[in-house]
Amino acid sequence: MSAVLQPRPACRPMTVRDLDAVVAIEQRAYSHPWSRGNFTDSLAAGYLAELWFDEADGEVLGYLVAMAGVDELHLLNITVVPEQQGRGLGRRMMASLRAHALAQRAATLWLEVRASNLRAQALYRGLGYTQVGLRRGYYPAAVRREDAVVMSLALSPPAADGAPHAVD
């Protein structure tokens, strides 16, 4: 019997020092990746940026970037390294995003996803997100541009006294 060691994911804030690894993963994961400048600008703007890594060896497993707005948090980028996809890390990262949103007392989480990315859409639906719109020609593509499915998740932050919070 051979044992396959599974990564033990942990997360910390992303920094500029992480960008070489992040950009390399971004380029492997997407046909139209974010640029180093996109990540640099996000960090400079103070957006939520988490780096997920293997506790054992420090290898980067994924990352996310989200922008806070008035009563909302908007997921801009979430990526799991291709070799680790389908193992639950994306779900864990989305749970972390939700926890951040609740801590900020956000009422809604927002995201866009490529219309062709049915796997991600299924993950988001499984987490309670619903499709609320479509942005035509939002993403660059090899031929023409691709539509984005706009999804949201209504949040109900805990009441100050710890009692369940009623949503009107």
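The values are calculated or read from the model by the stated rules, or taken from the named source; none is laboratory data. Computed from a prediction, not measured in an experiment: that's the story for all the values here. Positions of Cβ are backbone-derived with ideal geometry, glycine not excepted, and every protein chain shown enters the neighbour counts.
Data for the structure
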quantity: One residue from A107, A45, A66 being under 11 Å from the mean Cα position of the chain (by Cα), of a type in the set (A, V, I, L, M, F, W, C) and more than 18 Å from A122 (Cα to Cα); calculated: A66
quantity: Residue match in the range 87-104 (condition: over 22 Å from L155 (Cα atoms) and basic (K, R)); calculated: yes
quantity: Qualifying position, being under 15 Å from the mean Cα position of the chain (by Cα) and of a type in the set (D, E), among E146, E83, E112; calculated: E112
quantity: Matching residues in the range 128-156 - criterion: being outside any strand (DSSP E or B) and touching a residue at least 12 places away in the same chain (Cβ under 8 Å); calculated: G128, Y129, A141, A142, L155
quantity: From R91, R119, R135, R144, residue being surrounded by fewer than 15 Cβ atoms within 10 Å (Cβ to Cβ), at pLDDT 95 or above and within 21 Å of S31 (Cβ to Cβ); calculated: R135
quantity: P7 in contact (Cβ under 8 Å) with a residue 12 or more places away in the chain and assigned to a loop (DSSP other than H, G, I, E, B); calculated: yes
quantity: Counted residues, the range 55-73 - those being closer than 20 Å to Q85 by Cβ and modelled with pLDDT of 95 or more; calculated: 7
quantity: Answer from V22, V16 - the residue that is more than 22 Å from G88 (Cα to Cα) and touching a Leu at 6+ places or on another chain (Cβ under 9 Å); calculated: V16
